[in-house]
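The values are calculated or read from the model by the stated rules, or taken from the named source; none is laboratory data. Predicted model, so just to flag it, every value in this text is computed and none were measured. All Cβ positions, even for glycine, are placed from backbone atoms using ideal geometry, and neighbour counts span all protein chains on display. Accessible surface is based on the protein model in full, side chains and every heavy atom, while ligands, DNA and RNA are left aside. Shrake-Rupley method; radii C 1.70, N 1.55, O 1.52, S 1.80 Å.
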Amino acid sequence: SLRPANHFKWKDENERLDTHAIDEPFYANYLIQSGMDRSYRDEVLATQENDGAKVITSLLGEIPQNKSILFTKNISKQILGLDRSFLGKMKNFVLIREPSEVALSWKETTGNVTLHDIGFPELVEIFDETSQNQKVPILFNSDLLQNPEGTLRALCDSLEIEFDPSMLSWPKGPKEVEGVWGKVWYHSVRASTGFHFRNQTVRKGVPAAMKSVVEEARIHYNKLVPYRTFPAPILPDSRNKDIWIHIGGKLFKRNEAKISVFDSIVQGGDGVWEGLRIYNGRIFAIDEHLQRLQNSAKAMKFNRIPSNKEIIQAIFDTLKANGMRDECHIRLTLTRGEKVSSGMSPEFNQSGCCLIVLPEWKKPVYDNQSGIRLITASQRRNSPMCVDSKIHHNNLINNILAKIESNLAGVNDALMLDPEGFVSETNATNIFIVRSGILLTPHPDFCLPGITWGKVMALSANLEIPLEQRRISLSEVHSCDEAFTTGTMGELSPVVEIDGRQIGDGTVGPITQRLQDAYSELTSKEGLELPLYFDESLIELTISIKL
């Protein structure tokens, strides 16, 4: 439960100092009312107010000076024999775990567990009462551990309080706010400095003697599930919150940037795309990217395709609107356009193509110093007999399925094999390996020959690094000396682990480093230069200051 006050609000980097927290204030009352015995019972009774009614009065009283929020952690079963109407004068939320996890945790600490011990019936009863007059957010423990910032932002929005990043971490050791029972129950929290997810499915199963308790608890738990508060979306870069986006010849703010439900990109993923990077006022490799876009659109038999000149002007206008000249990425999409009626046939497309220019502030998306980890996906790359990967189309389901596998495995990306079992690419990038000083890369028979991939091959020739394009088996990758991926969004990313095998010594290899350095130099001096546009408001400000 939480109660805001009108005091001065202040913060600190290490903890949320605008909040006064109380740990289980009704514990002493519960021990007296229930007659429950605990190893620390006498300490609790000696250090806490024993009268639950007086605790309620205290909670509804003055909040300590220099604090704007009173936060109390309450256990549902502990509010025993008390008038719970006081909860209506506070804002409340519920944090729950899957019943089997709660039961196992309880048993590990106490050796026994009952339905009352894990408190689900009481929790549902309290939720039903309090939610009649206020929205009561329900947080899932798994959400909090896997996405702490998104979950806490969603909670703060619901409670109408400001999110504070200090909520995400804390120092190790006992906390001043915790009750005397912390020495029994809070070992994991005391050892931690932040939220860390562990896959609860690896824990041993529920003993037979506990199954009836868990099953009955799950009946009550399932009543709360529909009210789950999902984590709030978090932008990787907050500057992208209000960006301008070009759609079909017009600029729209992010929250207004939409396309028709009749657009072919919605109805069949019928579009082609390119990724561009901006380095210090230059669009890198734009000629190659636009040529590939035009080739893809022609192969798909698009009509009324915009010229390169028109596309470049749209890019310039969009970058100018956003003030972007460096450390940004553009997702350039060309759809077949809007249909006059839903259906597969391109004959329904009578308005020509729709160009989308989506720029974002975005540094390289991988850790190119420490490296990335891969697994091999079960999903294979497409054969040209099915879908030719030389068409850079938007229907990426093949790659998305592989990416899902890597996400579930907790690694960065997935290595994809061709239909015959040889290495092709990753779900998002091309791949190179180094064996005995020779740079190896697969033929792009089942994947896209990337622009960055081609630049790296040219750089290897300049640096006199031996290069071979050939079929590469998975065992050759597992035992290689170095590996790295290439792509516009991530540049050159060293791979330090594949399928649990360490690559080389687990750091950036010497040939990878040479090519990274050469590519960085190349991007610093090549590319189409952006016009020198200025922020008009700054010009007006400068003139007014001079006057």
- Query: So which residues in region 469-515 are assigned to a loop (DSSP other than H, G, I, E, B), more than 28 Å from A285 (Cβ to Cβ) and not acidic (D, E)?
  - Reply: S473, S479, G500, G504, G506, T507
- Just a yes or no: is a residue in region 271-291 touching a Leu at 6+ places or on another chain (Cβ under 8 Å), among the β-branched types (V, I, T), more than 30 Å from Q513 (Cα to Cα) and in a strand (DSSP E or B)? yes
- Query: Somewhere in region 86-108, is a residue hydroxyl-bearing (S, T, Y) and open to solvent by 60 Å² or more (accessible area, probe 1.4 Å)?
  - Reply: no
- Hey, any hits in region 471-485 for a residue that's over 32 Å from the mean Cα position of the chain (by Cα), closer than 27 Å to N295 by Cα and in the same structural domain as M416 (by the TED database)? yes
- Task: Go through S493, S524 for me and flag whichever is touching a strand residue (DSSP E or B) at 6+ places or on another chain (Cβ under 8 Å), assigned by the TED database to the domain that holds I431, surrounded by 16 or more Cβ atoms within 10 Å (Cβ to Cβ) and among the polar types (S, T, N, Q).
- Result: S493
- Task: Name every residue in region 284-338 that is of a type in the set (K, R) and within 26 Å of V456 (Cα to Cα), in order of residue number.
- Result: R292, R325, R331
- Yes/no for I312 being under 33 Å from the mean Cα position of the chain (by Cα) and either of a type outside the set (D, E) or within 19 Å of G454 (Cα to Cα) (or both): yes
- Criterion: open to solvent by less than 60 Å² (accessible area, probe 1.4 Å) and either touching a residue at least 24 places away in the same chain (Cβ under 8 Å) or not assigned by the TED database to the domain that holds W106 (or both) - qualifying residue of P231, P171: P231
- Any idea which residue in region 238-281 is nearest to the chain's Cα centre (by Cα), counting only those that are over 24 Å from I305 (Cβ atoms) and acidic (D, E)? D242
- Item | Count of region 236-254 residues which are of a type in the set (V, I, T) and either in contact with a Phe, Trp or Tyr (Cβ under 6 Å, 6 or more places away or on another chain) or open to solvent by 60 Å² or more (accessible area, probe 1.4 Å) (or both) | 1
- Task: Taking S296 as the residue in question, decide whether it is of a type outside the set (A, V, I, L, M, F, W, C) and open to solvent by less than 20 Å² (accessible area, probe 1.4 Å).
- Result: yes
- Scanning region 138-157 residue by residue, those charged (D, E, K, R) and open to solvent by less than 20 Å² (accessible area, probe 1.4 Å) turn out to be D143
- Only residues in region 267-295 that are closer than 21 Å to E529 by Cα count as the first member; pair them with residues that are small (G, A, S) and open to solvent by 30 Å² or more (accessible area, probe 1.4 Å), Cβ under 6 angstrom, at least 6 apart or cross-chain, and list the lot. R282/G527; I283/G527; F284/G527
- If we ask which residues in region 58-86 are over 38 Å from the mean Cα position of the chain (by Cα) and assigned to a loop (DSSP other than H, G, I, E, B), their number turns out to be 7
- Query: Give me the pairs: first residue in region 50-71 and without any contact (Cβ under 8 Å) to a residue 24 or more places away in the chain, second residue of a type in the set (V, I, T) and open to solvent by 70 Å² or more (accessible area, probe 1.4 Å), beta-carbon distance under 6 Å, and six or more apart or on different chains, which are they?
  - Reply: N50/I32
- Note on the structure: Flagged pairs (Cβ under 7 angstrom, 6 or more apart or on separate chains; first in region 239-260, within 12 Å of E360 (Cβ to Cβ); second among the small types (G, A, S)) are W244/A321; I245/A257
